[in-house]
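Below: the structure, in structure tokens.
The values are calculated or read from the model by the stated rules, or taken from the named source; none is laboratory data. Quick caveat, the model's predicted, so the values are computed rather than measured. We place every Cβ from the backbone using ideal geometry, glycine too, and count neighbours over all the protein chains shown.
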Amino acid sequence: MPITIGFNHVATLTTDLDRHAAFYGKAFGAEVTFRMEATDDHPRMFILDLGGGAALNVFEVAADEIVGEQRSQGHRGAIDHFAFAVESLATLEETRQRLIDAGADVGDIQRLGDEWSLFFRDVDGMELEVCTPAD
């Protein structure tokens with residue numbers, strides 16, 4: 001039986017965060033719930049609440065950092081990673097150990113805004129994330 005409760009978010013890339021947030025706000029009623037200004041090692045970022053516990057984590061990057069022409073399958077490079085959702089910090093800690101036992105490259109559990117987050121690389125080297133609410 002799966003220990004996840006679905007997806008938490010999809011991380012995507014844009015060249016204009018404000019335009020991106022305005023579009024998803026107008027089209028789906030999405031609201032910006034978190035803002036992070038760019039630092040030396042992290043791009044400017046918004047979290048857009050899509051409802052139902054799902055979100056878009058959007059990173060602002062230069063156009064040449066988005067791989068592909070984005071119109072045909074296999075060339076759509078704007079999705080950076082996705083995150084699984086688990087119910088609690090205890091389950092996140094259990095998941096971390098399960099990932100280690102499965103041979104994943106696993107980071108540390110960290111607090112990001114109102115969530116606990118764990119980044120890992122799967123067997124193909126893809127960076128993914130597992131999240132749970134901090135409260």
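Quick notes
- Residue selected from the stretch 86-135 under the condition small (G, A, S) and over 18 Å from A54 (Cβ atoms), by the criterion surrounded by the fewest Cβ atoms within 10 Å (Cβ to Cβ): G125
- Every test in (1) assigned to a strand (DSSP E or B); (2) without any contact (Cβ under 8 Å) to a residue 60 or more places away in the chain is passed by V10 save one, and that test is (2).
A quick yes/no check of all residues on (1) free of Cβ contacts under 8 Å to residues at least 24 places away in the same chain; (2) among the basic types (K, R); (3) more than 18 Å from R111 (Cα to Cα):
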| residue | (1), (2), (3) |
| --- | --- |
| I5 | no, no, yes |
| G25 | yes, no, yes |
| G53 | no, no, no |
| V61 | no, no, yes |
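- Count - residues of the stretch 1-54 that are on the phi > 0 side of the Ramachandran plot and surrounded by 12 or more Cβ atoms within 10 Å (Cβ to Cβ): 1
- Inspection of the stretch 91-113 finds a residue satisfying the criterion of being touching a strand residue (DSSP E or B) at 6+ places or on another chain (Cβ under 7 Å), at pLDDT below 90 and closer than 18 Å to V10 by Cα.
- When the stretch 1-57 is filtered for residues that are among the polar types (S, T, N, Q) and under 20 Å from F84 (Cβ atoms), the ones remaining, listed by number, are T4, N8, T12, T33, N57.
- Members of the stretch 92-133 found to be free of Cβ contacts under 8 Å to residues at least 12 places away in the same chain and among the β-branched types (V, I, T), listed by number: I100
- Subset of the stretch 13-38 (residues that are outside any helix (DSSP H, G or I) and farther than 30 Å from T91 by Cβ): T14, T15, D16, E37, A38
- Subset of the stretch 91-129 [more than 19 Å from D80 (Cα to Cα), among the β-branched types (V, I, T) and assigned to a loop (DSSP other than H, G, I, E, B)]: I109
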